[in-house]
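As structure tokens, the structure follows; a few thoughts come after it.
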Amino acid sequence: MTNWVWNGGSSGNFNTATNWTPNGIPDNTGSTTLTAGDTVTLQKSVHLGSLFINGSGTATLSGPFGLETDSGITLASGQTLAVPGVTVTDDNALTLTGSGNFGLSGGVLHFAAGFSVASGQNRR
């Protein structure tokens, strides 16, 4: 299992292999980690194993494409994931864990088996 970590700076293209450590474009065979304060642009729809955010603040994935996860999105205290123009789906239930904020601006949520929000979550 690979853990891809964003190293593309405060803004960049998701589908550029050198923007990730290790080099490569994340897929559903591992986990993907973004850093709060970064804006990552999707050039096409992506299918990830899971998505995590490092640091406090907002990480942004901008579209107009899709973000699909197999194992959900994890947010911790003080974290927001903004997904303007992105359609977010999960193969099972979309589960937001931790006590962060999930910001959905101009996007759409689809989830196959439900939507779960852990105690302490804020939705905006």
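The values are calculated or read from the model by the stated rules, or taken from the named source; none is laboratory data. Being a predicted model, the structure only gives us computed values, none of them experimental. No Cβ is skipped: glycine too gets one built from the backbone with ideal geometry, and neighbour counts run over all protein chains shown.
Just a few scattered comments:
- Complete set of residues in segment 85-110 that are under 17 Å from Asp38 (Cβ atoms) and either at pLDDT below 65 or not in a strand (DSSP E or B) (or both): Gly85, Val86, Gly100, Gly103, Ser105
- The set of residues in segment 6-55 that are among the β-branched types (Val, Ile, Thr), farther than 14 Å from Glu68 by Cα and within 12 Å of the chain's Cα centre (by Cα) comprises Thr33, Thr35, Thr39, Val40, Thr41, Ile53.
- Unmet criterion (only one of (1) surrounded by 13 or more Cβ atoms within 10 Å (Cβ to Cβ); (2) at pLDDT 85 or above) for Pro64: (1)
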